[in-house]
Amino acid sequence: MTESTFATPADEPTLQRAAGALKANGFDVHVVDDLAAARDLVHGLLPKDQPIFTATSETLRVSGLAADIDESGDYMSVRASSGPLDDVRDRIRLGATPEVVVGSVHAVTEDGRLLTASASGSQLAPYASGARTAVWVVGSQKIVPDLETGLRRLREHSVVLESQRLRALVGQESFIGRILIIENEFMPGRGVVVLVRETAGF
């Protein structure tokens with residue numbers, strides 16, 4: 001069972017507290033009302049002449065950003081240019097060092113840390129340092145009080161919902177193979193967090 005509080009949007013004081021902490025930790029932060037606004041904002045942030053990798057993300061899927069980047073032809077999509085890849089190692093290497101990575105995270109602590117869980121780790125290399133610019137679109141329901149609660153959210157909520165999605169699609173379970181915790185960003189302008197007031201993704 002998932003905990004209902006992990007799916008509830010944060011109240012405004014909590015949202016602003018997290019936004020302020022992220023800024024203090026070196027991230028560029030934007031707060032928007034909904035996914036439509038986030039989609040418009042991200043379009044304005046993305047270059048048209050540099051390779052962009054879309055991390056697998058329910059938030060990107062439901063917002064339309066994944067299709068915008070990978071299918072519209074308006075951007076230099078790493079996924080679109082690669083063709084089909086059967087080897088998981090090739091898929092991981094594909095997205096390791098793009099100019100830009102766009103994705104989401106599974107938890108944001110109120111003191112400004114980002115947590116991401118992954119089975120294969122394919123999105124973690126560009127998130128951590130491989131990409132010149134990282135853009136994360138994050139629903140405010142992912143804001144948690146502290147690191148311990150964030151890790152519990154990953155294990156008791158995010159992976160449960162991702163397993164449900166995978167079972168419906170391909171009949172298999174998800175699992176957590178790797179966890180990335182980004183404490184701060186020392187390169188100005190590299191890490192961009194778009195906080196969405198409404199619920200978005202897992």
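The values are calculated or read from the model by the stated rules, or taken from the named source; none is laboratory data. Remember, it's a predicted structure, so these values are computed and weren't measured experimentally. For neighbour counting, all protein chains shown are included, and Cβ atoms are generated from backbone atoms with ideal geometry for every residue, glycine included. We work out accessible area using only protein heavy atoms, side chains counted, and drop any ligands, DNA or RNA first. Shrake-Rupley method; radii C 1.70, N 1.55, O 1.52, S 1.80 Å.
Rounded to the nearest Hz, the phi-derived 3J(HN,Hα) couplings of segment 62-77 under the Karplus curve 6.51 cos²θ - 1.76 cosθ + 1.60 (θ = phi - 60°) are 6, 6, x, 5, 4, 5, 4, 7, 8, 10, 6, x, 7, 10, 7, 6, where x marks glycine and proline.
Counting 0.36 nm for each residue step from ARG152 to LEU45 and taking away their Cα separation leaves a gain of 35.3 nm. In a fully extended conformation the segment linking ASN184 and ALA7 would gain 61.2 nm over its present Cα-Cα distance, using 0.36 nm per residue. What separates the Cα centres of segment 146-176 and segment 1-36 is a distance of 20 Å. One decimal place: the segment GLN16-ALA119 gains 34.0 nm when fully extended, by the rule 0.36 nm per residue minus the C-alpha distance. Considering the options VAL32, GLN16, TRP136, tell which one lies farthest towards the positive end of the dipole of segment 3-141, charges being +1 on Lys and Arg and -1 on Asp and Glu at the Cβ, about the Cα centre. Highest projection toward the positive end goes to TRP136. Listed options for Kirkwood radius over Cα pairs in Å are [x] 18.5; [y] 17.7; [z] 16.8. The value calculated from this structure is the one marked [z]. Among rounded, prolate and oblate, which fits segment 1-68 when a ≥ b ≥ c are the square roots of the eigenvalues of its C-alpha gyration tensor, a/c under 1.5 means rounded, and a/b larger than b/c means prolate? It is oblate, given that a/c is not under 1.5 and a/b is not larger than b/c.
Accessible area per residue for segment 123-177 is 45 Å², calculated with a 1.4 Å probe on protein heavy atoms, without ligands, DNA or RNA.
Think of each Lys and Arg Cβ as +1 and each Asp and Glu Cβ as -1; about the Cα centre, that makes the dipole of segment 45-202 roughly 180 debye. Let me know the shape class of segment 91-202, please: from the alpha-carbon gyration tensor, a ≥ b ≥ c as square roots of the eigenvalues, rounded when a/c is under 1.5, otherwise prolate if a/b is greater than b/c, or oblate. Because a/c hits 1.5 or more and a/b fails to exceed b/c, segment 91-202 counts as oblate.
Would you mind classifying segment 118-169 by shape? Square roots of the alpha carbon gyration tensor eigenvalues, ordered a ≥ b ≥ c; an a/c under 1.5 is rounded, otherwise it is prolate if a/b is larger than b/c and oblate if not. Verdict is oblate for segment 118-169. The H on the amide N of GLY26, modeled in the peptide plane, is under 5 Å from the matching H of GLU185, each at least 5 residues off or on a different chain.
For VAL170 and ARG93, what is the calculated FRET efficiency with R₀ set at 22 Å and r taken between the beta-carbons, to the nearest 0.05? Walk me through the numbers before you get to the answer.
On the way: r = 22 Å, r/R0 = 1.02.
Computed FRET efficiency for VAL170 and ARG93: 0.50.
Phi-derived couplings, Karplus 6.51 cos²θ - 1.76 cosθ + 1.60 at θ = phi - 60°, listed residue by residue for segment 152-157: 5, 4, 4, 7, 9, 10 Hz, with x used for Gly and Pro.
Residue-wise HN-Hα couplings along segment 140-151, as the Karplus relation 6.51 cos²θ - 1.76 cosθ + 1.60 with θ = phi - 60° gives them from phi, are 5, 5, 8, 6, 10, x, 7, 4, 4, 5, x, 5 Hz; Gly and Pro carry x.
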